[in-house]
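One structure is given here, and the rest of the page talks about it.
The values are calculated or read from the model by the stated rules, or taken from the named source; none is laboratory data. Since the structure is predicted, the reported quantities are computational estimates derived from the model, not experimental observations. For neighbour counting, all protein chains shown are included, and Cβ atoms are generated from backbone atoms with ideal geometry for every residue, glycine included.
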Amino acid sequence: MGRLHTSSYQRLATRFPELAIKPRLVVAADPLIENQQAAVEQYGFEKAVSSIDEVLADPDVEVVSICSPNFLHRDFALKAAAAGKPFWIEKPMGVSDEESVEIYRAASEAGIATAVGFNYRHAPAVEHLKALVASGRLGRITNVRNWLIADYASSEDGPLTWRYSTERAGAGVLGDLLSHGIDLVSYVTGQQFSSVTAMTEIFIPERPIPTKMGVGHGGYEIGDEVGAVENQDYVAALARLDGGAVATLESSRVARGDRSDYAIEVFGTEGSARWSFFRMNEFEVQIGDGGLEHGYTTVLASGGHGDYERFQPGPGIPMSFDDLKTIEAKQFLSDAVLGTTEAPSARDGFRAATVVEAMVRSAASGRWEDVPVVD
Ligand SMILES: NC(=O)c1ccc[n+]([C@@H]2O[C@H](COP(=O)([O-])OP(=O)(O)OC[C@H]3O[C@@H](n4cnc5c(N)ncnc54)[C@H](O)[C@@H]3O)[C@@H](O)[C@H]2O)c1
């Protein structure tokens, strides 16, 4: 994610030139010396250090990206807020709702702009789904289906990285993937979660312990020793939203086959629409009765859908995941420099955390659990 934030800043000048914001890559922090070297020699940072404290103490640093493992987010965000430096933080914002509210409060009290890495909302097709719902053309929204099914942890030989520790990562797939889904459901419908019931499972209870620190999901050396997976591989949930709609959500990090199948379907009294990350540049829609042609029509993303035309010269040409991050960088810096309120904020990060926590409570209690109102 650090690499992706970096390239997103670098692309701003060509994708959103009218902002006249030209980010300067002043300093990168990483404890691994090879990552520090790469930051300077390959990614274009002026210098690299081992600690965020050196980053925040640098008077040339005006904003920061927080792309570390989850258990460092809270400390880094609180320090950035104390230094009055707007931050773009990866999801999940904290490892728990308590950490997330601390981050949200610190940013609010400091009066700084924030952005959280809920990148799927920036897909032009998703932006258009949101606009369709808001326009009323789908009628009253009755129900929503959302799923994020991935395979990144499907190998039993996958190393026991920080991602499998409750203290270091939080609630596993609930924070890692489903937080994206929770944000998508709220963003597209304009409704917040009011109550949830959930079941969770750990399908691969033990994994090999790494012998050396690495990056990514598999970039670690492993030994013969195994350790326990503490957080969830799978979640299935039902939810009630405060505007009257209901939702089903499902997420797995250990499902072979689909690799990264992320989707949202919205059903209303007058029509329905759906989007899948598999086909990020399309959405399907059916409005009205349709008569003998009732059924979804596939629409290709084009100018007029979100920020599509910033990236591609003509309709039907695919965008990529990286482009969503460039849009996020643009929203963050526009909010930080120009005072707009475009990016998914710390408030959204905290909201998603309260839903995750209610699902964790429900999985333990076997009951419906209320989601506290964030205000
Ligand atoms: N938005 C998305 O779709 C998305 C996708 C992947 C990851 N993420 C999030 O991004 C964050 C990072 O994930 P990742 O996959 O890049 O993890 P990673 O383990 O691949 O990389 C983490 C990096 O942080 C560095 N690091 C460790 N301790 C540090 C410290 N004290 N100070 C500075 N750097 C430190 C590591 O050396 C490594 O370079 C996580 O919060 C994750 O949930 C978001």
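Here is how the numbers come out for the structure above:
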quantity: Selection count where residues are closer than 13 Å to Val63 by Cβ and touching a Phe, Trp or Tyr at 6+ places or on another chain (Cβ under 9 Å), scope the stretch 332-353; calculated: 5
quantity: Ala48 vs. criteria within 22 Å of Ser334 (Cα to Cα), in a strand (DSSP E or B), within 15 Å of the ligand (Cβ to nearest atom) and in contact with a strand residue (DSSP E or B) (Cβ under 9 Å, 6 or more places away or on another chain); calculated: no
quantity: Pick from the stretch 149-178, criterion within 12 Å of the ligand (Cβ to nearest atom), out of contact with any strand residue (DSSP E or B) (no Cβ under 9 Å at 6 or more places or on another chain) and outside any loop (DSSP other than H, G, I, E, B), ranking: nearest to Val356 (Cα to Cα); calculated: Gly175
quantity: Residue within the stretch 234-244 that is assigned to a strand (DSSP E or B), basic (Lys, Arg), modelled with pLDDT of 95 or more and closer than 29 Å to Glu369 by Cβ present; calculated: yes
quantity: Any hit, the stretch 314-321, residues being in contact (Cβ under 8 Å) with a residue 60 or more places away in the chain, under 23 Å from Thr114 (Cβ atoms) and not charged (D, E, K, R); calculated: yes
quantity: Pairs with Cβ under 7 Å, 6+ apart, first in the stretch 158-169 and outside the structural domain of Ser96 (by TED's automatic domain parsing) and among the small types (Gly, Ala, Ser), second within 12 Å of the ligand (Cβ to nearest atom) and not in a helix (DSSP H, G or I); calculated: Gly158/His217; Gly158/Gly218; Ala169/Val95
quantity: Qualifying residue in the stretch 2-13 (condition: within 20 Å of Leu333 (Cβ to Cβ), of a type in the set (Gly, Ala, Ser) and in contact with a helix residue (DSSP H, G or I) (Cβ under 6 Å, 6 or more places away or on another chain)); calculated: yes
quantity: Count - residues of the stretch 20-36 that are among the small types (Gly, Ala, Ser) and either closer than 11 Å to Val49 by Cβ or within 16 Å of the ligand (Cβ to nearest atom) (or both); calculated: 2
quantity: Residue in the stretch 335-344 that is crowded, with 22+ Cβ neighbours inside 10 Å and assigned to a helix (DSSP H, G or I) present; calculated: no
quantity: Breaking point among (1) under 28 Å from Pro159 (Cβ atoms); (2) exposed (fewer than 14 other Cβ atoms within 10 Å of the Cβ); (3) of a type outside the set (S, T, N, Q), for Gly244; calculated: (1)
quantity: Subset of the stretch 179-210 [within 16 Å of the ligand (Cβ to nearest atom) and either touching a Cys at 6+ places or on another chain (Cβ under 6 Å) or not aliphatic (A, V, I, L, M) (or both)]; calculated: Ser179, His180, Gly181, Asp183, Tyr187, Arg207, Pro210
quantity: Top-ranked residue in the stretch 76-97 [being of a type outside the set (D, E, K, R) and within 11 Å of the ligand (Cβ to nearest atom); ranked as surrounded by the fewest Cβ atoms within 10 Å (Cβ to Cβ)]; calculated: Phe76
quantity: Criterion: assigned to a helix (DSSP H, G or I), more than 25 Å from Asn281 (Cβ to Cβ) and touching a residue at least 40 places away in the same chain (Cβ under 8 Å) - qualifying residue of Arg361, Arg347, Arg367; calculated: Arg347
quantity: Of all residues in the stretch 58-75 being crowded, with 22+ Cβ neighbours inside 10 Å and within 16 Å of the chain's Cα centre (by Cα), the one that is farthest from the ligand (Cβ to nearest atom); calculated: Ser65
quantity: Residue under evaluation Gly303, criteria (1) in contact with a strand residue (DSSP E or B) (Cβ under 8 Å, 6 or more places away or on another chain); (2) at pLDDT below 95, criterion not met; calculated: (1)
quantity: Residue count for the stretch 213-234, restricted to those that are within 16 Å of the ligand (Cβ to nearest atom), under 20 Å from Glu201 (Cβ atoms) and surrounded by 18 or more Cβ atoms within 10 Å (Cβ to Cβ); calculated: 3
quantity: Filter result for Leu174 (assigned by TED's automatic domain parsing to the domain that holds Arg207, of a type in the set (A, V, I, L, M, F, W, C) and in contact with a helix residue (DSSP H, G or I) (Cβ under 7 Å, 6 or more places away or on another chain)); calculated: yes
quantity: Given (1) closer than 18 Å to Arg351 by Cα; (2) among the charged types (D, E, K, R); (3) out of contact with any strand residue (DSSP E or B) (no Cβ under 8 Å at 6 or more places or on another chain), number of the condition Glu62 does not satisfy; calculated: (1)
quantity: Restricting the stretch 268-308 to residues that are hydrophobic (A, V, I, L, M, F, W, C) and part of a loop (DSSP other than H, G, I, E, B), the residue that is nearest to Leu132 (Cα to Cα); calculated: Ala301
